[in-house]
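The values are calculated or read from the model by the stated rules, or taken from the named source; none is laboratory data. These numbers were taken from a predicted model, which means no experiment stands behind them. When we count neighbours, we look across all protein chains shown, and the Cβ atoms used for this are built from the backbone with ideal geometry, even at glycine.
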Amino acid sequence: MAYITAEEKVPISHKSQAVVNQILDENPILKKILLESNNEQEVNDSIKNWVEPELKKDEQAYKYYKHEITGRKIFEKIRWQDVAAIRILDYINHTNHSYSDLNVRGQKRINTPFKILWLAAKYATGGGKYYFFIDMLELFRQFSGKRKYKLPSREQVEHWMDNNPSGLEPEIIEIRKRNKTRIIDIIIELIDSKSVKTLKYFFEEGISKEEKIKKVNEWWNTKQFHLKFAVRNPELLNRMLNYTLDNETLTILREAEKKGIPFFVNPYYLSLLNVDNPKKKYADAAIRDYIIYSKELIHEFGHIVAWEKEDIVESGKPNAAGWILPSSHNVHRRYPEVAILIPDSVGRACGGLCASCQRMYDFQRGNLNFDLEKLEPTEKWPEKLERLLRYFENDTQLRDILITGGDALMSSDKTLKLILDKVYEMAVRKVEKNKEIKNGQKYAEMIRVRLGTRLPVYLPQRITDDLLKILKDFKNKASQIGIKQFVIQTHFESAMEITPEVKTAIEKIIASGWIITNQLVFTASASRRGHTNKLRKVLNDIGVITYYTFSVKGYMENYHNFATNARAVQEQIEEKRIGKIPKKYIELIRMYPLNAKNMIENVSYLRDRENLPFLATDRNVINLPGVGKSLTFRTVGITRRGRRILKFEHDATRSHSPIIHKMDDVIIVESKPVGEYLRQLEKIGENVNDYSTIWGYSIGETEKRFPVFEYPEYPFDITEEFSNLQV
Ligand code: SF4
């Protein structure tokens, strides 16, 4: 008998035993192997001898498994059964590999998939849990052909989309009007009772309730009002939500308060919640889960580790991607062409706080709180900004600046104008300097300016005429010096966030000549069938194009919101496909950002012409905990609980820091088994049978970046040299 650890001596449950029996009944060859083998090695050798010849029957699939051929095109041709064969063989090839599992504070995980199965089959031990066995059952069903693959029809996908309402539907608008009335009543009481300290928001002596309501309705249209009356504690939240929070949620939120986790939801955004009615149950789930914390987050707070290593910067040292940066806080960089600028201003904050925000990591150290007065820029900021922008000016490859935070539009108009003016001056200097440099050695000039903001969603009241004038003026003058793309990069999570107020704000931004792109975080509730497609469609209706669909990053703290990467691949292949743009339009769509004002018409033209419900311009990816984004992975292992272990490769379709060639593959131990994810969906009204193919998506391939997001070409040749790099 082989060496057995204490964990492996643990008997399996009756429920698990039933699944093991099912696996054995359905797979006679496997049963013989498991029952006749005397140790893990024998099990693995026998399974390999059985499965590998099957895979070899398809030469391409076998070469793909061996990494002799790669890429999306090949992947799409591989048969469903062969995908299972590859996973079985990958499990064997990675047996006894040890991985650090940051979901359990860095504990080592030894990958032993078939040992767990063998111990269960032979001795009813091994410590495997129910979802581990369910995953195995589905794996062998896929391999044997018992579980057939069927792509859902377009009609089916559209039916799923229709199940997800948008905030522009009359019925939803009406419910939200009622929510707003209720919230305004509470705010009047808060002002009357002087429960909120404010000199700005008060009622003159003796005015009637109607006059008070009128006044608050006027204030409602301003950003400042919503920031002032943002809810910061669970009791007020519950009151504003008409006392609908259950005891468990309230206990969690009180615990969060005790632990010092900030909480910040503005009245406008709150009015979007509570739209439940018998026809549209759980319609607000994706919004709700975004602002209401989970017990795992509370539990992990204080132990959250940074996910993106390149964002950890030590002064004077290169970051994980090899870039030397001018400041450890204000500039982040992963790629050669683009760097992120984080201003020292209120822009470090945000109009809300998403439960899966990566700023949670910083909040643990007491940084980045919501004391907005303290975040006003200091007098030294203009000089510091100059210095930071010299970095962009003197870099050979930088051509794209993403101003974000927190949130770029949290900065005041004055601060934002200053930043944009300084960016303009820097871009002019770069152009001027280039005139003195020979062709082929020239530096990349600034070509794209982006503002990263969720305020059009959290607080559309921020999109004022003054702000629009700043955006328009900047675009007009910056267009003269070669900047071609002006982008508001925003973050809609659900079509339910698209309200009449949002639609108006977005239309105004587009009219000012900026394009708007969206990044969605693929949380469990946002990952429901049709939800992302509905968002894509309604965004396109108002002129927003989709950029990324991000898997939830982080570890145990984001457990509740995590949707497995298998679901991300399933969504990409089965649902997003109905918006696939024919190749012949690639050149046409590349021009769209250059003609931003006509975005709504241009998007509609293409959709109508090709009968597409939306333009599938976004890529499903995860921000890797190493460097870059990718969805190129193979499932190489599984924990005893059924959490899959994925081995990611870097996205080969875009340029990277050369450090990428020195980096190992990235391993992610997912926090949630596929089975638990499905159970979670069931609790919010989903039919898990609709998701049955999810089990088979064990391989992912990153989509190519859509040409609409490519940088325009220069009319000259730039140097191939990299500056500010140390690898
Ligand atoms: S919008 Fe972005 S920065 Fe703001 S709280 Fe959400 S995730 Fe964090």
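Residue-level check: of (1) touching a residue at least 60 places away in the same chain (Cβ under 8 Å); (2) out of contact with any Pro (no Cβ under 8 Å at 6 or more places or on another chain), residue 727 misses just (2). Answer yes or no: is there a residue in the range 486-497 that is touching a His at 6+ places or on another chain (Cβ under 9 Å) and not small (Gly, Ala, Ser). No - not one qualifying residue is present in the range 486-497.
Can you spot a residue in the range 294-306 that is at pLDDT 85 or above, out of contact with any helix residue (DSSP H, G or I) (no Cβ under 6 Å at 6 or more places or on another chain) and within 16 Å of the ligand (Cβ to nearest atom)? Scanning the range 294-306 turns up at least one residue that is at pLDDT 85 or above, out of contact with any helix residue (DSSP H, G or I) (no Cβ under 6 Å at 6 or more places or on another chain) and within 16 Å of the ligand (Cβ to nearest atom).
The residues listed here are 544, 521; of these, the one that is without any contact (Cβ under 8 Å) to a residue 60 or more places away in the chain and within 16 Å of the ligand (Cβ to nearest atom) is 544. Scanning the range 271-293 for residues that are modelled with pLDDT under 90 and part of a helix (DSSP H, G or I) gives 278, 279, 280, 290, 291. Per the listing 62, 99, the residue uniquely aromatic (Phe, Trp, Tyr) and at pLDDT 95 or above is 62. When the range 392-404 is filtered for residues that are in contact with a Lys or Arg (Cβ under 6 Å, 6 or more places away or on another chain) and within 16 Å of the ligand (Cβ to nearest atom), only 402 remains.
One residue stands out in the range 420-459 among those that are surrounded by fewer than 18 Cβ atoms within 10 Å (Cβ to Cβ) and polar (S, T, N, Q): the one that is nearest to residue 715 (Cα to Cα), namely 439. Note on the range 437-490: residues that are part of a loop (DSSP other than H, G, I, E, B) and either within 16 Å of the ligand (Cβ to nearest atom) or over 30 Å from the mean Cα position of the chain (by Cα) (or both) amount to 13. Scanning the range 204-229 for residues that are among the aliphatic types (A, V, I, L, M) and in contact (Cβ under 8 Å) with a residue 24 or more places away in the chain returns 213, 216, 227.
Of the set (1) more than 16 Å from the ligand (Cβ to nearest atom); (2) at pLDDT below 95; (3) not small (Gly, Ala, Ser), all apply to residue 407 but (1).
Determine whether the range 414-426 contains at least one residue that is within 16 Å of the ligand (Cβ to nearest atom), within 17 Å of residue 343 (Cα to Cα) and under 33 Å from the mean Cα position of the chain (by Cα).
So far as the range 414-426 goes, no, none of its residues is within 16 Å of the ligand (Cβ to nearest atom), within 17 Å of residue 343 (Cα to Cα) and under 33 Å from the mean Cα position of the chain (by Cα).
In this structure, is residue 179 among the polar types (S, T, N, Q), assigned to a helix (DSSP H, G or I) and out of contact with any helix residue (DSSP H, G or I) (no Cβ under 7 Å at 6 or more places or on another chain)? Judged against the criteria, residue 179 is a match.
Matching residues to (1) in contact with a Cys (Cβ under 7 Å, 6 or more places away or on another chain); (2) β-branched (Val, Ile, Thr):
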site	(1), (2)
246	no, no
249	no, yes
258	no, no
265	no, yes
290	yes, no
301	no, no
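Among the candidates 32, 77, 73, 56, single out the residue that is within 35 Å of the chain's Cα centre (by Cα) and without any contact (Cβ under 8 Å) to a residue 12 or more places away in the chain. Only one candidate passes the filter, namely 73.
Taking each residue of the range 353-367 that is on the phi > 0 side of the Ramachandran plot and looking for partners that are not hydrophobic (A, V, I, L, M, F, W, C) with beta-carbon atoms closer than 9 Å, six or more apart or interchain, yields 366/260.
Meeting the requirement of 3 or more residues that are crowded, with 22+ Cβ neighbours inside 10 Å, the helices (runs of 4 or more DSSP H) wholly within the range 498-615 are 500-511, 531-542, 565-570.
The set of residues in the range 115-143 being surrounded by fewer than 19 Cβ atoms within 10 Å (Cβ to Cβ) and in a loop (DSSP other than H, G, I, E, B) consists of 124, 125.
What tally of residues in the range 317-357 results from selecting those that are out of contact with any strand residue (DSSP E or B) (no Cβ under 9 Å at 6 or more places or on another chain) and within 14 Å of the ligand (Cβ to nearest atom)?
7
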